[in-house]
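Okay, so here's the structure we're looking at.
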């Protein structure tokens, strides 16, 4: 399966480079299905809000359009949850809400040193104290 990169996704969403937009539209109309990697989704969210200056709610709506497109293959349920949390929690990044949604889906908790994240996401747990039961490996050498 071929994959679309972030630029292809952005051209389709924004229609800002007509020739490239048409090329992506032709690909998506071909009947072939294309993988949309998680990293491309995170990068697209960042680009939409930081580079293009779109409101987070608008960016989330656009990303949901990607998730819903029948020609694109991604984890739609995971992204729907991550985007809903991203929309509701403006202090968290899309990467944070994605990681929390992924941990929740797997029935686990997201361990973090980020107090803001731990305070805003129900399945995030602040790491305090020593978490290791054995010594850390020495950098650059063998023990």
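Summary of computed values
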read-out	value
Rh (Kirkwood; distinct C-alpha pairs) - the range 1-74, Å	12.2 Å
Hull shadow area, averaged, the range 91-131 [alpha-carbon convex hull, nm²]	2.8 nm²
C-alpha long axis of helix 94-105 to longest principal axis of the chain, angle in °	70 degrees
Packing-based exposure ordering (other Cβ within 10 Å, fewest first) of 52, 98	52, 98
MRE, 222 nm, helices only [DSSP H, n ≥ 4, -39500 (n - 2.57), over the chain, to nearest 500]	-15500 deg cm²/dmol
Kirkwood Rh, Cα atoms: Rg over Rh of the chain	1.08
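All of the numbers you see were taken from the coordinates with simple rules; none came from a lab. None of these values were measured; they are calculated from a predicted model. Every residue, glycine among them, receives a Cβ derived from its backbone with ideal geometry; neighbour counts consider all protein chains shown.
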